[in-house]
Amino acid sequence: MKLSNFFLIQLIIWFVLNAFSLNALAEDGYKLWLRYNKISSPKLLSRYKSSVTQVVINPSCPVLKAAQEEIEMGLKGMFQKDIPVSSSVSVNGALILGTPDESPLVKNLIKTGDLNRLGEEGYVIRSLLYKNHPVTVIAANKPAGVLYGVFHFLRLIQTEESISNLNIQSKPRIKKRVLNHWDNLNRSVERGYAGKSIWKWEELPEKVDPRYKDYARANASIGVNGASLNNVNSQVEILTKEYIKKAAAIADVLRPYGMQVYFSIKFTSPLELSGLTTSDPLDPEVRKWWKDKADEIYRAIPDFGGFLVKAYSEGQPGPQQYGRTHADGANMLAEALEPHGGIVMWRAFVYDLSIDSDRTKCAYLEFVPLDGKFKDNVLIQSKNGPVDFQPREPFSSIFGSMPKTPLMMELQITQEYTGQAKHLVYQAPMWKEVLDADTYKKGPGTTVAKIIDGSAEDHALSGIAGVSGIGTDRNWSGHHFSQSNWYAYGRLAWDPDLLSDEIAEEWIRMTWSGEPDTLKTIEKIMANSWETCVSYMTPLGLHHQMAEGHHYGPGPDYKNTMRDDWSSTYYNKADKTGIGFNRSSTGTDGVGQYAEPLKSLFNSPETCPEKYLLWFHHLPWDYTMKSGKTLWEEIQLYYNSGVDEVTAMKKAWESLEGKVDRERFEHVKVRLEMQLDNAKEWRDVCLAYFRQFAEKEKQSGFIRRRKAMARQEDARGQGFE
Ligand code: GCW
């Protein structure tokens with residue numbers, strides 16, 4: 001071989017090797033928080049390796065198989081070594097997984113009493129001795145619990161926690177922990193900012209995208225146990241034979257991960273899909289149609305979860321058009337699903353202004369009188385606040401006001417009103433504010449969390465929903481940091497008492513890095529990101545100030561000609577007398593829907609928390625705030641500080657160059673630039689609009705002075721002076 005050829009070959013080999021190693025380092029976010037990268041500290045790694053030397057499992061069902069596959073994959077990635085799997089303990093460091101029903105070993109090691117209160121999804125993780133071997137046991141009543149325990153155990157290693165002397169027990173506080181996909185059957189996603197729908201209806205059921213399994217793994221890892229597959233603005237086709245078959249193929253992939261599928265249904269499906277001339281819920285033929293439909297669905301999907309319904313809202317049909325109530329509609333569906341164990345999630349997102357001219361009062365006025373009229377398998381699903389996923393809202397007054405009805409809370413993971421997939425906004429602190437809010441409806445301590453987990457009112461059924469932000473983008477969520485909202489949703493659905501900071505820390509360690517400086521910097525960026533967004537979009541209780549349609553930028557002057565309450569001006573009510581919506585007892589009395597002492601607290605501008613001030617009050621521009629500044633000065637301060645904080649976030653992120661992988665670093669950097677531009681736009685547009693009222697006096701004084709000066713000049717010119 002000629003020397004030059006030899007060098008050429010060497011060069012090619014070098015390039016190929018480099019390309020491979022770069023690829024191995026490339027991070028596109030696909031793996032979410034389940035990256036299972038090698039443990040970086042050699043000391044820690046060797047400690048972990050000696051604690052887990054063998055996996056003992058009897059994978060007798062698909063869920064346990066999934067648990068085995070996950071533990072093998074996770075350990076292999078983090079230990080860079082295959083861990084042997086067997087059905088009996090042979091060495092120190094065995095990790096024993098199972099349920100007492102299928103594993104005599106687990107039955108022997110864990111007293112059944114220990115599992116008594118852990119239900120169908122809870123688990124224990126214990127460090128024990130077995131025949132003098134130190135072992136770890138992950139045990140549960142049902143396979144799903146084992147799977148959740150496996151993810152917990154992997155999380156301990158991912159976050160570099162100790163795995164010795166473990167004595168953990170955990171079970172979900174809320175039963176139905178569902179993702180609501182607003183995915184249309186043509187694969188567009190309403191309010192989706194991460195590409196198309198992941199459900200490839202056009203190729204189902206024959207072709208099953210491998211991504212469905214990764215989706216299910218991610219959800220199981222945070223305890224999400226259901227997915228409503230299609231948009232609440234529903235299309236009847238979802239109930240056709242063809243789509244039921246397609247959905248059954250998805251359900252088959254989700255099932256081993258403990259997930260049920262649900263459909264959003266259109267109320268007039270019987271009329272539109274059959275020869276019936278009505279969808280009246282009291283019509284016997286309509287009722288029979290739904291029963292037959294439920295039977296048909298359960299034949300294809302035996303563990304089908306049930307229906308999610310948006311009725312008589314934003315153009316969706318409902319029982320009202322037949323002179324019936326929400327309860328009539330929901331109960332008809334509940335009756336059809338009941339024999340199969342299915343549930344109805346009936347949304348309370350209704351705002352018929354003929355009921356009350358204050359939109360925030362409508363849902364309460366329509367639903368509270370129906371309390372006690374719903375069947376046991378109906379949940380009423382309300383958004384966290386009374387308007388619509390605004391950057392900040394007080395909790396919806398319906399929570400605690402329907403003691404005989406289990407209430408679900410709907411959160412929005414997709415960031416429709418918080419900068420979509422362009423802004424870095426970690427929403428857990430917002431959700432915590434609502435979950436922790438005391439409704440006082442059954443005395444002090446009746447928090448929203450205790451209403452929705454069923455404990456305050458003793459409901460067997462409980463639920464929570466998150467509007468998914470998931471799409472076909474390689475990183476699932478559009479913005480790498482939007483993944484944190486999916487993660488936090490699942491973690492809070494499992495345990496609403498978790499703190500948003502601890503959830504963020506877990507997520508950062510698993511998704512970015514556990515290196516102390518990097519961790520601290522990212523934690524800081526995330527911790528304030530929501531309040532920052534509130535400051536530059538809608539501070540001090542302002543709400544619904546976005547531009548028409550896309551809901552991304554500001555539009556405080558926007559007036560909708562069809563509906564007053566789709567206008568920004570309806571909410572800000574800015575005029576020369578002041579700004580804000582008077583929902584106090586001198587206004588719409590929206591405060592009247594809250595229990596004491598909140599009602600009185602909100603009712604007076606002196607005691608109303610400033611974060612809700614303009615939600616409940618219309619106040620003059622020169623109103624004196626607690627700081628001593630005028631309201632107008634304070635509004636300006638908030639908008640400006642919001643922009644300053646984004647500048648600081650951007651700077652902090654840029655300091656991480658070289659500390660996190662380039663691909664994701666650049667992705668986030670570019671988005672922070674967009675966020676800063678948009679924050680400035682929010683500030684400038686909103687302040688310019690409000691200024692014309694706030695500084696009217698100043699302006700008119702200015703104009704008077706200008707006119708007087710002009711007159712004087714004229715007079716001088718004419719030689720009068
Ligand atoms: O906020 C509105 C959204 C709609 C959505 C609706 C709802 C699915 O802008 O896109 O429709 O809420 O929650 O039903």
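The values are calculated or read from the model by the stated rules, or taken from the named source; none is laboratory data. A quick note: this is a predicted structure, and the numbers were derived from the prediction, not measured. Ideal geometry is used to build each Cβ from the backbone, glycine not excepted, and the neighbour counts take in all protein chains shown. All accessible areas refer to the heavy atoms of the entire protein, side chains included, with ligands and DNA or RNA removed. Shrake-Rupley method; radii C 1.70, N 1.55, O 1.52, S 1.80 Å.
Miscellaneous remarks
- Per-atom-type breakdown for segment 250-373 gives carbon and sulfur 49% of the accessible area (1.4 Å probe, protein chains only).
- Counting protein heavy atoms only, segment 573-673 has 53 percent of its accessible area on carbon and sulfur, 1.4 angstrom probe.
- Per residue accessible area in Å² of segment 418-457, where ligands, DNA and RNA are left out and the probe is 1.4 Å: 27
- Highest mean first, the peptides 147-159, 104-116 sorted by other C-beta atoms within 10 Å per residue fall in the order 147-159, 104-116.
- Cα-centre dipole for segment 462-549 with unit charges at Cβ (Lys and Arg positive, Asp and Glu negative), debye to 20: 220
- Each Cα pair under 8 Å and six or more residues apart adds its separation to the average, and for the chain the resulting relative contact order is 11 percent.
- 13 Å beta-carbon shell around Tyr558, net charge (K/R +1, D/E -1): -2
- Efficiency of FRET from Cβ geometry, Lys241 and Cys61, R₀ 35 Å, rounded to 0.05: 0.75
- What segment 618-699 shows is 50 Å² of accessible area per residue, with the surface traced by a 1.4 Å probe over protein heavy atoms.
- For segment 497-567, the per residue solvent-accessible surface stands at 39 Å², with DNA, RNA and ligands left out and a 1.4 Å probe.
- Nearest 10 degrees, 0 to 90: helix 211-222 Cα axis against the chain principal axis: 80
- Förster radius 56 Å - calculated FRET efficiency between Thr607 and Glu657 (Cβ-Cβ, nearest 0.05): 0.75
- From its DSSP helices (H runs of at least four residues, each -39,500 (n - 2.57)), the chain gives a residue-normalised ellipticity at 222 nm of -13000 deg cm²/dmol.
- Degrees, to the nearest 10: 516-537 long Cα axis against longest axis of the chain: 40
- Trp33 sits with roughly 0 Å² accessible to a 1.4 Å probe, with DNA, RNA and ligands left out of the calculation.
- Per-residue HN-Hα couplings for segment 562-570 [Karplus 6.51, -1.76, 1.60; θ = phi - 60°; Hz; x = Gly/Pro]: 7, 9, 4, 7, 9, 8, 5, 5, 4
- Cα centroid separation, segment 294-310 to segment 632-668 (Å): 45
- 0 to 90° range, to nearest 10: angle between helix 696-717 axis and the chain longest Cα axis: 40
- For peptides 477-490, 408-421, sequence by mean Cβ density within 10 Å, most packed first: 477-490, 408-421
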